[in-house]
Amino acid sequence: MTIAQIPGFAFRSATDYAAQIELIHARYDPLVGSGAVEILERIGVFNVFASWWFSLSLILLLVSIVICTIDRTPRLWRQATDIRVVQPDAYFDPVLPGRALTDGIGEAALAGVLRRHRFQLRRTEVDGAVYLYGDRHRYTKLATLFTHLGLILFLVAAAVTSRLGFEAPLVVAAGDTSTVQPIGTPGLLVVKNNGFDAPLLPGGGFADFTTDLSVFRDGAEIAHKTIRVNDPLSVAGFTFHQNGFGPAPEVVIRDGGGEILWSGPVSLTDAAEGRPYGTMGVPGRDFGLQFLLDRADDGSPSLLVLPYRVTGQNADGSGAVENAPPFLVDAGRAVAAPGLDVSVELRSVGAYSLLIAKQDPGQGIVWAAFGSLMVGLLITFYLPRRRVWTHLSSDGRLAIVGRSDRYVDFRREFGRLLDDLVAVRHPVGDVPSDPAIGAAHDVGGRQT
């Protein structure tokens, strides 16, 4: 987001890489200078996710999370399994928060209320006093292990994608084909643009743009779909996204004897002075043609053609270009290039479709990481642990303590529990002289 990154397709050839580095220099040379940009290129700042230092940082982060998880797991397990049912009398002091005292509630009624509140109970009897311990969502703390696992899997997915992933732009004119992987790749995929459509809105904008796309392997069609933005085609481990489009003039180039050297669309993927621009080499010739698409006075398309020849190399490493006189070609006409034995005919102007082919072996790992992370967070926040300790003395007095994780409005829940206990309470003897007995007190001193 902050520093421009070299796209993955630039590493398919030295020419593509040089073109992208030239764009990087054009953007950052005015800011930091050409020398600084070259240093940043060498250390991988413009290819961060494949740099050695970024990979090392991922490894360190991964190791730290794993060590943290290993360190926390025994403590989390002890918190879930090591339960002290019997607590000292001072633990039930009603002055402390989350405590209450009452009487007139038998053990059976107490156990019934706790079970209705979905507490799992443990019972211990000491010297005639009964201790009931209630636990709800006992193993919730262990859900953080799912969260840790999700983070680990995200990092693993990042490493897998950066090292084994594949991404390439495909510029395919209507009716044309393009290989997906480098030539010679086993199971080579070929895509064909059967047709491109970009209907206009009444206001002049585009309502949509779609490509009727076919995918072939070993000469057999294996997939066919009309794709659009956010509705890609997935097949054979690749996903083909609709990314953009542009003009592609239908051009015929002939030699001096009328033999066709080239016939087909030329995708104008660049821009010059706000108009579509592109170049191509002329088959069988040592020169190329630059095309600039424009409109004639009557609104019909016209093509400005500028022949060029690379004659050597400049001091800065760029090619030394020699230009020939330009000429203009109107739609439906053929014009001979001045001083060259070729002519250029502009038949029509179609469109090319810009596709992005992606192969992401880490995609499945990302979904697993997302699922694990969500499971951990949902359990942690929606099923927090609640615990209750009760001490039912031999004289009928009941002391109760409620505790919960920080994600719970336990004051409200504890109040409901006390209300239910009071509902099953029956008076025992006369009203006790101790004002703390006979009334249930919650955290805020509220009496029921």
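So what is the 222 nm mean residue ellipticity for the chain from helices alone, if each DSSP H run of at least 4 adds -39500 (n - 2.57) and you divide by all residues, rounding to the nearest 500 deg cm²/dmol?
Taking each H run of at least 4 residues, the total per residue is -9500 deg cm²/dmol.
So what is the orientation-averaged projected area of the stretch 155-258, using the convex hull of its C-alpha atoms, in nm²?
Dividing the Cα hull surface by four gives the mean projection, 10.7 nm².
Between residue 17 and residue 320, what FRET efficiency comes out of the Förster formula 1/(1 + (r/R0)^6) with R0 = 22 Å and r the beta carbon distance, rounded to 0.05?
The pair residue 320/residue 17 has a calculated efficiency of 0.60.
So how much slack lies between residue 164 and residue 304, counting 0.36 nm per residue of separation and subtracting their Cα-Cα distance, in nm?
Using 0.36 nm per residue and subtracting the Cα-Cα distance, I get 46.1 nm.
Please work out the average accessible area per residue across the chain, using the 1.4 Å probe convention, and give it in Å².
Counting only protein heavy atoms, the per-residue value for the chain is 54 Å².
Going by average Cβ neighbours within 10 Å, how do the peptides 28-36, 353-361, 372-380 rank, with the highest at the top?
353-361, 372-380, 28-36
Within the stretch 107-235, what whole-number % of the accessible surface is contributed by carbon and sulfur, with the 1.4 Å probe and all protein chains included in the calculation?
Roughly 55 percent of what the probe reaches on the stretch 107-235 is carbon or sulfur.
Which values, in whole Å and largest first, are the semi-axes of the equivalent ellipsoid of the stretch 312-406 obtained as the square root of 5 times each eigenvalue of the Cα gyration tensor?
Calculated on Cα positions only, the semi-axes equal 84, 19, 12 Å.
May I ask you to derive the FRET efficiency for residue 230 and residue 255 from their Cβ-Cβ distance with R0 = 41 Å, giving the value to the nearest 0.05?
0.35
Share of the stretch 241-297's accessible area from carbon and sulfur, percent, 1.4 Å?
The value for the stretch 241-297 is 44 percent carbon and sulfur by accessible area.
Using 0.36 nm per residue of separation minus the Cα-Cα distance, give me the extension gain between residue 115 and residue 50 in nm, one decimal.
17.8 nm
What is the percent of Cα-Cα separations in the stretch 247-381 that go past 27 Å?
40
Find the Cα radius of gyration of the chain, compare it with 2.2 N^0.38 Å by division, and give the number to two decimals.
1.67
Can you give the convex hull volume of the alpha carbon atoms of the stretch 17-82 per residue, in Å³?
That works out to 113 Å³ per residue.
Say R0 is 22 Å: what FRET efficiency, to the nearest 0.05, do residue 334 and residue 200 get from their beta-carbon distance?
About 0.15, to the nearest 0.05.
Return the whole-Å distance between the Cα centroid of the stretch 201-241 and the Cα centroid of the stretch 92-169.
49
The values are calculated or read from the model by the stated rules, or taken from the named source; none is laboratory data. Just so it is clear, the structure is predicted and the values come from calculations on it, not from any experiment. Please note: Cβ atoms are built from the backbone with ideal geometry, for glycine as well, and neighbour counts cover all protein chains shown. Heads up: the accessible areas ignore ligands, DNA and RNA and are worked out on the full protein's heavy atoms, side chains in. Shrake-Rupley method; radii C 1.70, N 1.55, O 1.52, S 1.80 Å.
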